[in-house]
Amino acid sequence: MLDLAESRRLGEPVRSFDARPEFRRAVIWLALLAPPGVLLVLSALFYLVEGPRWMGVGGALLAAAYLSGLWWIVRDGALRGRGQAVFVFEDGLVRLAPRRTCVHRFDELRSVTATARPGRDGRPRWSFTVVDGDGEFVLSEVLPGVRELGEVIMAEIAQRELPRARAEFQAGRPVRFGPFTVDRTGVSKNGKTAPWEAIGQAGLGHGMVYVQRLDTGTRLTAETGLVPNALVFVELCRWAKTAPKAPQGR
């Protein structure tokens with residue numbers, strides 16, 4: 001892994017997001033807990049058939065409670081982390097998957113889309129779809145700390161893509177981010193345009209991208225999962241609000 005990073009000149013290692021230790025712990029727990037669980041099920045079946053029935057019912061309840069622990073391990077997603085890890089370096093990242101290892105320089109990444117879905121505990125479950133010149137890959141909650149990883153990637157892409165978006169804006173060309181379009185007239189979404197003089201704060205929060213309108217008090221909003229490079233969009237809006245606007249057609 002370090003040889004790959006060195007060959008692509010990724011710089012010094014910064015941080016790792018590794019699901020493999022959690023996967024190994026889950027496998028060990030399953031190996032330890034599964035055989036007794038099977039014995040409990042067989043014992044409960046025996047007593048339900050041969051009697052006494054009350055022991056069979058009690059054994060079935062005990063087996064159900066015991067096996068729920070196994071289900072919690074599987075449901076929690078630890079087993080999906082087999083072989084998955086991401087190592088962040090100064091200028092890129094190395095991504096380990098069960099069957100392949102990929103190297104991505106930050107300047108090769110083109111967009112990242114963050115998606116937040118409600119989890120069983122009420123907290124959002126984050127995933128990030130990253131696009132580069134060869135396609136796309138998804139980083140999900142299987143990786144510990146995936147939200148922090150996604151924020152690192154968003155910041156690195158924004159650092160490189162924001163100047164390009166500003167150049168497009170200054171050249172008079174519309175810049176699109178999913179349902180949003182930014183141009184000299186303002187910010188548009190689904191045919192509704194908020195002119196720059198009526199735009200207040202733009203930001204991200206609670207899985208949403210928004211632009212506040214000062215004149216009506218309403219917002220143009222969209223889920224982050226629908227807005228590629230949402231951070232670039234927000235920073236472009238903040239910059240464009242005060243940037244000089246050349247007349248159309250010049």
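The values are calculated or read from the model by the stated rules, or taken from the named source; none is laboratory data. This structure is a prediction, so every number in the text was calculated from the model and none was measured. For neighbour counting, all protein chains shown are included, and Cβ atoms are generated from backbone atoms with ideal geometry for every residue, glycine included. Remember, those area values only see protein heavy atoms, side chains included, never the ligands or the DNA or RNA. Shrake-Rupley method; radii C 1.70, N 1.55, O 1.52, S 1.80 Å.
Quote the relative contact order of segment 145-247 in percent (integer), defining contacts as alpha-carbon pairs under 8 Å separated by 6+ residues. After rounding, I find 24 percent. Under a model in which nothing but the beta-carbon of Lys, Arg (+1) and Asp, Glu (-1) is charged, the chain shows a dipole of about 600 debye around its Cα centre. Which of the listed residues, H206, V14, L42, is farthest toward the dipole's positive end in the chain, when Lys, Arg count +1 and Asp, Glu count -1 at the beta-carbon? Farthest along the dipole direction, towards plus: H206.
Scan around R15 for amide H atoms under 5 Å from its own, H built in the peptide plane at 1.01 Å from N, and keep only partners 5 or more places away or cross-chain. Those qualifying (amide H under 5 Å, at least 5 residues apart or on another chain) are V88. Helix 20-50 and the longest principal axis of the C-alpha atoms of the chain enclose an angle of approximately 40°. Rounded to the nearest 20, the size of the Cβ-charge dipole of segment 86-177 about its Cα centre is 360 debye, with Lys and Arg at +1 and Asp and Glu at -1. Taken one residue at a time, the phi angles of segment 212-218 give Karplus couplings (6.51, -1.76, 1.60, θ = phi - 60°) of 7, 9, 7, 6, 10, x, 9 Hz. Gly and Pro are set to x. Whole-Hz Karplus values for segment 97-108 come out as 10, x, 10, 7, 10, 10, 10, 10, 7, 4, 6, 9 Hz, taken residue by residue from phi with 6.51 cos²θ - 1.76 cosθ + 1.60 and θ = phi - 60°; glycine and proline positions read x. When D215, D132, D107 are compared by accessible area of protein heavy atoms, the largest-first order is D215, D107, D132, using a 1.4 Å probe. Note on segment 163-250: with charges restricted to the Cβ of Lys and Arg (+1) and Asp and Glu (-1), its dipole about the Cα centre is near 220 debye.
Exposure check, 1.4 Å probe, all protein chains in place: M55 carries approximately 70 Å² of accessible surface. Per residue, the accessible area of the chain comes to 57 Å², computed with a 1.4 Å probe over protein heavy atoms only. With contacts taken as Cα pairs under 8 Å at a separation of at least 6 residues, the chain carries a relative contact order of 15 percent. For segment 87-182, the Kirkwood hydrodynamic radius from C-alpha pairs, put into Stokes-Einstein at 20 °C and a viscosity of 1.002 mPa s, yields a diffusion coefficient of 145 µm² per second.
Relative to the longest principal axis of the Cα atoms of the chain, helix 230-242 runs at roughly 20 degrees. Calculated from the alpha-carbon coordinates, segment 116-250 shows an Rg and a Dmax of 15.9, 54 Å respectively.
Largest GNM mean-square fluctuation across A63, A171, A116, computed for the chain with C-alpha springs under 10 Å, falls on A63.
Distant-in-sequence amide contacts of I199, defined by a placed amide H-H separation under 5 Å and a gap of 5 or more residues or a different chain, comprise L214. Which one of L226, W54, T216 is farthest out on the positive end of the charge dipole of the chain, using unit charges on Cβ (Lys, Arg +1; Asp, Glu -1) and the Cα centre as origin? Working it through, the farthest residue towards the positive pole turns out to be T216.
3J(HN,Hα) along segment 158-169: 4, 4, 9, 8, 4, x, 5, 5, 4, 5, 4, 4 Hz, from the Karplus curve 6.51 cos²θ - 1.76 cosθ + 1.60 with θ = phi - 60°, whole Hz, x for Gly and Pro.
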